[in-house]
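> After the structure tokens below, expect a handful of questions from me.
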Number of protein chains: 2
Amino acid sequence: MDGNGTVPVVEADQVRVVQKFGGSSVADAESIKRVARRIVATKNAGNEVVVVISAMGDTTDDLMDLAQQVSPNPRPRELDMLLTAGERMSAALLAMAINDLGAEARSFTGSQAGVITTGTHGDARIIDITPGRIVTALADGDVVIVAGFQGVSQTTKDITTLGRGASDTTAVALAAALKADHCEIYSDVDGVFTADPRIVPGAQRIPEICYEDMLELAANGAKILHLRCVEYARRENVAVHVRSSFSDKPGTWVKDINYEELGMEQPLITGIAHDRSEAKITIVGVPDRVGEAADIFTIIAEADINIDMIVQNVSRTQEQATDITFTLAQSDGAKAIAALEAVQERIGFDKVVYNDQVGKVSVVGVGMRSHPGVTAKFFRALAEAGVNIGMISTSEIRISVVVDIDQVDVAVRAGHTAFGLDSSEQAVVYAGTGR
Amino acid sequence: MDGNGTVPVVEADQVRVVQKFGGSSVADAESIKRVARRIVATKNAGNEVVVVISAMGDTTDDLMDLAQQVSPNPRPRELDMLLTAGERMSAALLAMAINDLGAEARSFTGSQAGVITTGTHGDARIIDITPGRIVTALADGDVVIVAGFQGVSQTTKDITTLGRGASDTTAVALAAALKADHCEIYSDVDGVFTADPRIVPGAQRIPEICYEDMLELAANGAKILHLRCVEYARRENVAVHVRSSFSDKPGTWVKDINYEELGMEQPLITGIAHDRSEAKITIVGVPDRVGEAADIFTIIAEADINIDMIVQNVSRTQEQATDITFTLAQSDGAKAIAALEAVQERIGFDKVVYNDQVGKVSVVGVGMRSHPGVTAKFFRALAEAGVNIGMISTSEIRISVVVDIDQVDVAVRAGHTAFGLDSSEQAVVYAGTGR
């Protein structure tokens, strides 16, 4: 490590920008050259540029397959050593392509870039950034390329990864550490939309969105930005520009918006998110004794499973038993069922019912705080569209419902129309909004 | 860097071994598991084991292709960043496979292992090894896996590579730094032979060979060990055991042999090497003035081309001109011709003749020092076999001749028979002796 270094303030007419490009933007040699041209254009416009890069296309999946061939259960430390090779390769290739365009570029691994993390392999958190080498390279006039998704453990000095898709977080963390003007996240979509344009043709690009709304959208199925990245941006107050790497059009700015100061009203509803990756588990006939629910959720927590919504049905007085329903990620389903069935006898419930044919639809907007009628309006729209609500959960700025998976699209469209979000023009999007 | 650490002396009954496996030994998941079993067997026999690993199969070539697709002339710094991903991947995969066999293993990059080098990207030299992390891991009872071929520049802290095939050198350097008992180099051949068994069916495995002979064989076309690795082993007095990763048979020990002390006679001829990778350039009609030869070889040196043999024909007195012939690597041929033709007018020679249809055959043996008749015997054998000698060069312990490429095999066999090296049994070798 080169130490923290002092971060010099950028000169008045010069802007320091962090740009992040995802795997689909650097899927092959041609894409890499295209991204290189965009970076050099930003540099030549007089900016200092730091680029965070993901692994090329399917590299990470391919490396994961290779690991599985060698070992059914690879050690997380070694898996991190393996997987981080992906970003290292794309970083070096991108630097070569930039050099070919006559600009100076230097690639750095996460460790070299000073991304210091916890030691949790596969899901490490950034503790600190010590960007001494980046600052030096910028001072030399170089474009800096940083391998995303990776860092180095503060205690063991082993290579760590930050979890899938975490290159966004690397970018925001670097932007904060480098006091960058802003952070640009390039992907294959034009920005954040009021709903998924594949479901709602009249969905509109949101030009500006506050951190709170973006957090709720990201936490409830909008795949455009990772939750942890948005949390980091809010905490460090980094303005994030989400935009397409295939066009020069403005995208969506995620930033602190002081509506009062701007003399604007908060938007009532910013957007509709949906999520088809959850499942619903119902524990039928739980004895209606004090502490049973706590018992059950302790077991789930000990199995390292995050749950989302919880509903406990009113006690069926005759049987002195109750049903508990909760939602969780489908990928945790089998683990949860096994954990519950292991204690079925001790707790004495009847059975566990698993259903992954569900979806969650969420209406999000900070303006909701001061407008009590939103829930009623949403539910009326769902009813008129014939959507049956399975579960409900709300926050101060969000209303979520669980519905049958077949009714997700209908519910999204109904909400979008009810809150006046439909545009007359069809949104322009590129293939695949997931990343 | 964790600092040099002190290298604890291994307990009396415990041996510290460095094992190096080449790319063909870890070409796929099955090969990696096979190598893992061998390593665990060595560990379970009570040894401390450090493994140096090359990139899987064709990984390095594939990465090189990728670089070429992105940039016609990639920066060496970035190329090193890219290529070193290969060993990093195989090191992690091998560690996973060893862990699966119930042994503890930890992989390290060259930089993490403390391989400190010069800053010459693509061809860095090892300056120092600071094996603090390796020593700690060994003390913890772990098998240590080190990514070969790579290190970190002492001055810039950038990732460097040591040149193709340099994982052998990494292994020997680590063996020296760790005061290992010996270094085992595993490949797909059974050891060092008196000649290439594909040419001479009666070639014999050499059980022991001294550094000097091995240096001459390696420098003159024997591909079993890289020259720099042998030089390092000699300088640091590391005993190297060259053996097959496909069998348990002993291979060839390369080590310091004190024949006098052993009461043995030095072998007259240890082996015959050949090399088809050279080319011959003749500069015809060089004006016979003082300094012309120096001029020409300065031009060649400035083009960063190494030459091997040089012959200057006797001056053709009538024309006051002479011919200069030298050999060089075929890969440098085009560069040399361009450099020479650029100065043709100034120096005033007639023309440059290039011939890559040549081969070099070398007879090597430390015993030659005290036996003056070797040259005569070799040349007589070549003459009897009908081989025409093009150029000759000799050292204290080697005689080399350049012959037509069609006569290389005949010359190798003639020398092998003349010096009594033929065995009655056919040597056992596996597919491909090159690595």
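> Looking at B:A147, B:A175, B:A218, B:A139 in this structure, which one is in contact (Cβ under 8 Å) with a residue 12 or more places away in the chain, out of contact with any strand residue (DSSP E or B) (no Cβ under 7 Å at 6 or more places or on another chain) and farther than 29 Å from B:R276 by Cβ?
B:A139
> Here is a check on your reading of the model: is A:V242 without any contact (Cβ under 8 Å) to a residue 60 or more places away in the chain, under 26 Å from A:D409 (Cβ atoms) and in contact with a Ser or Thr (Cβ under 6 Å, 6 or more places away or on another chain)?
Here the answer is yes, as A:V242 does meet what is asked.
> Still on this structure, I have one more. Among (1) in a strand (DSSP E or B); (2) open to solvent by 10 Å² or more (accessible area, probe 1.4 Å); (3) within 14 Å of chain A (Cβ to nearest Cβ), there is one condition B:V146 misses while meeting the rest; what is its number?
For B:V146, the exception is condition (2).
> For A:L162, state whether it is farther than 30 Å from A:Q266 by Cα, at pLDDT below 95 and open to solvent by less than 20 Å² (accessible area, probe 1.4 Å).
For A:L162, the condition - farther than 30 Å from A:Q266 by Cα, at pLDDT below 95 and open to solvent by less than 20 Å² (accessible area, probe 1.4 Å) - is met.
> A further question follows. Pick out the one residue from B:R88, B:R106 that is basic (K, R) and open to solvent by 20 Å² or more (accessible area, probe 1.4 Å).
Result of the check over B:R88, B:R106: B:R106.
> For residues in the range B:127-139 being of a type outside the set (A, V, I, L, M) and more than 12 Å from chain A (Cβ to nearest Cβ), which is most open to solvent (accessible area, probe 1.4 Å)?
B:D128
> If you take the residues in the range B:334-376 that are among the small types (G, A, S) and in contact (Cβ under 8 Å) with a residue 60 or more places away in the chain, which one is nearest to B:D406 (Cα to Cα)?
Residue satisfying both the conditions and the ranking: B:G359.
> In the range A:45-62, what count of residues is obtained for those that are open to solvent by 10 Å² or more (accessible area, probe 1.4 Å) and in contact with a Leu (Cβ under 7 Å, 6 or more places away or on another chain)?
Residues that pass the stated criteria total 2.
> For the range B:257-272, indicate whether the set of residues that are open to solvent by 10 Å² or more (accessible area, probe 1.4 Å), touching a residue at least 40 places away in the same chain (Cβ under 8 Å) and in contact with a Cys (Cβ under 7 Å, 6 or more places away or on another chain) is non-empty.
Yes, some residue in the range B:257-272 is open to solvent by 10 Å² or more (accessible area, probe 1.4 Å), touching a residue at least 40 places away in the same chain (Cβ under 8 Å) and in contact with a Cys (Cβ under 7 Å, 6 or more places away or on another chain).
> Among the β-branched types (V, I, T), in a loop (DSSP other than H, G, I, E, B) and not assigned by TED's automatic domain parsing to the domain that holds A:I53: which single residue out of A:I224, A:I209 fits that description?
After ruling out the rest, the residue left standing is A:I224.
> Hey, does the range A:113-126 have a residue that's within 9 Å of chain B (Cβ to nearest Cβ) and open to solvent by less than 30 Å² (accessible area, probe 1.4 Å)?
no
> Right, next: Restricting to the range A:189-206, give me the number of residues that are in a loop (DSSP other than H, G, I, E, B), open to solvent by 20 Å² or more (accessible area, probe 1.4 Å) and among the charged types (D, E, K, R).
Of the residues in the range A:189-206, 2 are in a loop (DSSP other than H, G, I, E, B), open to solvent by 20 Å² or more (accessible area, probe 1.4 Å) and among the charged types (D, E, K, R).
> Could you say whether any residue in the range A:275-285 is outside the structural domain of A:V401 (by TED's automatic domain parsing), without any contact (Cβ under 8 Å) to a residue 12 or more places away in the chain and either farther than 22 Å from A:S393 by Cα or of a type in the set (D, E, K, R) (or both)?
No, because not a single residue in the range A:275-285 is outside the structural domain of A:V401 (by TED's automatic domain parsing), without any contact (Cβ under 8 Å) to a residue 12 or more places away in the chain and either farther than 22 Å from A:S393 by Cα or of a type in the set (D, E, K, R) (or both).
> A follow-up question, please. Scan the range A:76-112 for residues that are in a loop (DSSP other than H, G, I, E, B), more than 9 Å from chain B (Cβ to nearest Cβ) and without any contact (Cβ under 8 Å) to a residue 60 or more places away in the chain and report the count.
Residues that pass the stated criteria total 1.
> Okay, moving on. Go over the candidates A:T155, A:T169 one by one and state the one that is over 15 Å from B:R77 (Cβ atoms), assigned to a loop (DSSP other than H, G, I, E, B) and of a type in the set (S, T, N, Q).
Going through A:T155, A:T169 in turn, the sole match is A:T155.
> Which residue pairs have Cβ atoms closer than 7 Å, lie 6 or more positions apart in sequence or on different chains, and pair a first residue in the range B:381-404 that is among the charged types (D, E, K, R) with a second residue that is open to solvent by 50 Å² or more (accessible area, probe 1.4 Å)?
If the second residue must be open to solvent by 50 Å² or more (accessible area, probe 1.4 Å), the pairs left are B:E396/B:R369; B:D404/B:Q357; B:D404/B:N388.
> A follow-up question, please. Quickly run through the range B:38-75 and pick out the residues that are part of a loop (DSSP other than H, G, I, E, B) and facing chain A (nearest Cβ under 8 Å).
Within the range B:38-75, B:S71, B:P72, B:N73, B:P74, B:R75 meet the criteria.
> Taking strands (runs of 3 or more DSSP E) that do not extend beyond the range A:289-396, which have at least 1 residues that are surrounded by 15 or more Cβ atoms within 10 Å (Cβ to Cβ) and over 23 Å from the mean Cα position of the chain (by Cα)?
Qualifying strands (runs of 3 or more DSSP E): A:307-312, A:321-329, A:351-355, A:391-395.
> Kindly evaluate A:I185 against the criterion of being among the β-branched types (V, I, T) and farther than 19 Å from A:I39 by Cα.
No; evaluated as a whole, the condition is false for this residue.
> Let me ask something else about it. Would you confirm, using the coordinates I've provided, whether B:K20 is at pLDDT 95 or above, assigned to a strand (DSSP E or B), touching a helix residue (DSSP H, G or I) at 6+ places or on another chain (Cβ under 6 Å) and closer than 21 Å to B:S247 by Cβ?
yes
The values are calculated or read from the model by the stated rules, or taken from the named source; none is laboratory data. All of these numbers come straight from a predicted model, not from anything done at the bench. When we count neighbours, we look across all protein chains shown, and the Cβ atoms used for this are built from the backbone with ideal geometry, even at glycine. Ligands, DNA and RNA are excluded from the accessible area calculation, which covers all protein heavy atoms including side chains. Shrake-Rupley method; radii C 1.70, N 1.55, O 1.52, S 1.80 Å.
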